[in-house]
Amino acid sequence: MSSPADTTVGFVGLGHMGGPMAINLAKAGFVVQGFDVAQAALDAAAAEGVTPVSTIKQAVEGADVVITSLPNGALVHQCYRGDEGIIANAKPGALLIDTSTIDVDDARAAADEARAAGLRALDAPVSGGVVGAKAGTLAFMVGGPEDVVEAARPVFDVMGAKAVRCGDSGAGQAVKLCNNMLLAIHQIGVGEAFALAEKLGVEDQAFFDVASVATGTCWALNVNCPVPGPVPASPANRDYEPGFAVGLMNKDLGLALGAVDKQGVDAKLGKLAGEVYSSLNETDAAGKDFSVVYREIARNSGVEGA
Ligand code: NAD
């Protein structure tokens, strides 16, 4: 990849994450050809420097890099495959980066199909949410050959603060799913600990002051603290506005538990976390930050004021 102005990026999927990523690339001087089936998403990106196009074919035409940010693996395959798809229309040697969170096997299949057509491909799911996408501070977990990851650095550097190569194709998705399964378990555990502390007559702040610097320390407590007060910036202080919504956590747990089953892993807590978030996703808390699980636990436990 030479300079941004000489690099054309095709961007497919301009939603909550893809929109800001595409805009940041355009602002950094890349020529960005953006496509989304939703007109509103296309208009929003066009207003900030992305060149709107009306088909995938037009988005990838002449593009050195093609980035996708789509809701699920079926849509990634749909956009990659077929006569009108990314693989059939990308220029030889183009670099495909899928930033969607999808199943590991789907990611490997997509990369294999791209490679068979003479293209280069990476899976690069992100963490950092919409705030990170807008600020250009996302963390990318990347799967694919080392030289291809290095070739993609100029675009990763604009869209994020770091891009870590986790291994071959699929490894980025694998790390993302393992991390989020762990995160779900942590968030539930932190919620249960606060509820128990409260029932035992301990102030939230007192429990936080000790646990956050003791062996209970973790992001779900120190940053995403599920009770209002100890961490003023956490979603609990704004009625659990996300943040990372229950619906997205539920999606990621579904992918993680699919892998758990397929690999025969004895993940008792991961499975319980899956049940907890799947039930929560059926309530009016589905759109709230996933730390809202504390409120559910506190209410079920008869914690006063929860
Ligand atoms: P989103 O629904 O806001 O955006 C997806 C976009 O893809 C939509 O604008 C939709 O219209 C578009 N789209 C769907 N089918 C299409 C097609 N065939 N062609 C072109 N465009 C199409 O979702 P999002 O929140 O931006 O998430 C995107 C991906 O990033 C997901 O895989 C999600 O799991 C992952 N992710 C999201 C977050 C987050 O906080 N939102 C965080 C980390 C990872």
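Things worth noting here:
- When residues in segment 34-68 are screened for being surrounded by fewer than 24 Cβ atoms within 10 Å (Cβ to Cβ), within 10 Å of the ligand (Cβ to nearest atom), more than 14 Å from residue 20 (Cα to Cα) and not β-branched (Val, Ile, Thr), 2 of them pass.
- Here 62, 49, 29 are screened, and the one residue that is in contact (Cβ under 8 Å) with a residue 24 or more places away in the chain and either within 15 Å of residue 86 (Cβ to Cβ) or in contact with a Phe, Trp or Tyr (Cβ under 6 Å, 6 or more places away or on another chain) (or both) is 62.
- Scanning segment 6-33 for residues that are in a helix (DSSP H, G or I) and either of a type in the set (A, V, I, L, M) or away from the ligand (no atom under 11 Å from the Cβ) (or both) yields 6, 21, 22, 23, 24, 25, 26, 27.
- Some residue of segment 94-112 being within 9 Å of the ligand (Cβ to nearest atom) and either surrounded by fewer than 15 Cβ atoms within 10 Å (Cβ to Cβ) or assigned to a helix (DSSP H, G or I) (or both): no
- Residue in segment 113-133 that is farthest from residue 68 (Cα to Cα), counting only those that are away from the ligand (no atom under 11 Å from the Cβ) and in a helix (DSSP H, G or I): 116
- Some residue of segment 165-182 being touching a helix residue (DSSP H, G or I) at 6+ places or on another chain (Cβ under 6 Å), more than 19 Å from residue 77 (Cβ to Cβ) and part of a strand (DSSP E or B): yes
Any read-out appearing in this document is the output of simple, stated calculations on the displayed coordinates, not a laboratory observation. Just so it is clear, the model here is predicted, and its values are computed rather than measured. Positions of Cβ are generated from backbone atoms using ideal geometry, with glycine treated the same way; all protein chains shown enter the neighbour counts.
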